[in-house]
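The values are calculated or read from the model by the stated rules, or taken from the named source; none is laboratory data. Note that the structure is a prediction, hence the values are computed from the model and not measured. When we count neighbours, we look across all protein chains shown, and the Cβ atoms used for this are built from the backbone with ideal geometry, even at glycine. Ligands, DNA and RNA are stripped out before the accessible areas are found, and what is left, the full protein with its side chains, is counted by its heavy atoms. Shrake-Rupley method; radii C 1.70, N 1.55, O 1.52, S 1.80 Å.
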Amino acid sequence: PDVVDPVLCDNEHPPTNKDPLVRIKVTSFVNTGETSITFAFCHVLGDGLTFHRFTNMISQFYRGLPEAHPLPTYETYFRGPPTIPRHMTQQVAQDAAPHLLRHYDNNDIGELYTRSFLSTTRLDMQFSLDELNILKSEASRRAGRNVSKQDALAAYLITVINRIRDTQITQVVNLLNIRGEGEAPGGFQLPSPSSAGAQLLHIFSAPLAREDTQDLGKVAKRVGETVRQVRDAEYVRRAAAATIAIMAELFGSSRQAYWGAGPNQVVLNNCFKLTSPDTHFGYPGKAIFVVNGSMERYIRIWAGNPKRNGDGTWRPNEGSADVSFRIEHELAEPFMKLLAED
């Protein structure tokens, strides 16, 4: 009963000026006294940061409080998108956005996603704050530099996959927020921290040597390198320009790129710092955030949800992280067994 109709905003069903870009459904469960708020949110409106600021604002207003985050700004909508000479598009994309160079018609892309879904199992897990601190400490020691908790967790998950999988993960694809304060030599500026819209890029790491694929420190370094890459305004300018040019061509020709992981890749969508336990609509420590959808080796990381005990009390699980992704059916049990042993 709490499922909301989707919004249509893809290549096959581009929105018209009459179609909604967001739908919200509130469902009250009389038997349990619980309430769910379900969102269908078109990506053209924004990315994970935009969405979480939007939902947090609704929560704040519901509680009679002022907004907790900066209101969105729209400066990127009024300045032209970054461009590069047309003849350079393919060359830049080969390094910065190679996934866009392999594209499919709408029927074929649907079959790709369906095959991936049917051959995999969704895994869900939670890591406590103590476990995250242990991973951070160990990854930092092995990397020889400070590693954030979310990067250490991502690196650990990759090493576990590599311990059970014949085809090793040798490349990290990190979906990253490009907002910041940097400026390129030609005047291009990174979107401001308050910028609305989908300010994201897929950043491809340098390859991992096969002997390093199970080394927590080496993998953490690769994850960290992708994060530092989006602080380089000139890199972002070139990568964004190539991405925009190719996406425009694909949209016009009814073709789509595949956004999943390649055979030797994982995709990271790390929203650990974006989600907030303050978005609770007046129920602190009891509000649960759930994301629909999962893909093969597409690792989503969020701030950990509270959990209800058998006696009806709640554990807030502050500082924890929730993780979900899909993995080949035959690897699901070995992965969870190895996780329990660790």
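Note on segment 43-64: residues that are open to solvent by 70 Å² or more (accessible area, probe 1.4 Å) and more than 20 Å from the chain's Cα centre (by Cα) amount to 3. Taking segment 70-82, which residues are open to solvent by less than 70 Å² (accessible area, probe 1.4 Å) and free of Cβ contacts under 8 Å to residues at least 40 places away in the same chain? If the condition is that a residue be open to solvent by less than 70 Å² (accessible area, probe 1.4 Å) and free of Cβ contacts under 8 Å to residues at least 40 places away in the same chain, then 80 is the only one that fits.
Taken together, 288, 244 contain a single residue that is open to solvent by 50 Å² or more (accessible area, probe 1.4 Å) and within 30 Å of residue 32 (Cα to Cα), which is 288.
Got a number for residues in segment 46-57 being more than 18 Å from residue 272 (Cβ to Cβ) and in contact (Cβ under 8 Å) with a residue 40 or more places away in the chain? Residues that pass the stated criteria total 1. Scanning segment 190-208 for residues that are open to solvent by 40 Å² or more (accessible area, probe 1.4 Å) and at pLDDT 95 or above yields 206, 207. Screening residue 254 against (1) surrounded by 15 or more Cβ atoms within 10 Å (Cβ to Cβ); (2) in contact (Cβ under 8 Å) with a residue 40 or more places away in the chain; (3) closer than 29 Å to residue 112 by Cα leaves a single unmet condition, (1).
Considering every residue within segment 219-234, establish whether at least one is under 18 Å from the mean Cα position of the chain (by Cα), at pLDDT 95 or above and among the hydroxyl-bearing types (Ser, Thr, Tyr). Among the residues of segment 219-234, at least one is under 18 Å from the mean Cα position of the chain (by Cα), at pLDDT 95 or above and among the hydroxyl-bearing types (Ser, Thr, Tyr), which makes the answer yes. Selection of segment 308-331 for residues being in contact (Cβ under 8 Å) with a residue 40 or more places away in the chain, more than 30 Å from residue 114 (Cα to Cα) and open to solvent by 20 Å² or more (accessible area, probe 1.4 Å) yields 317, 318, 319.
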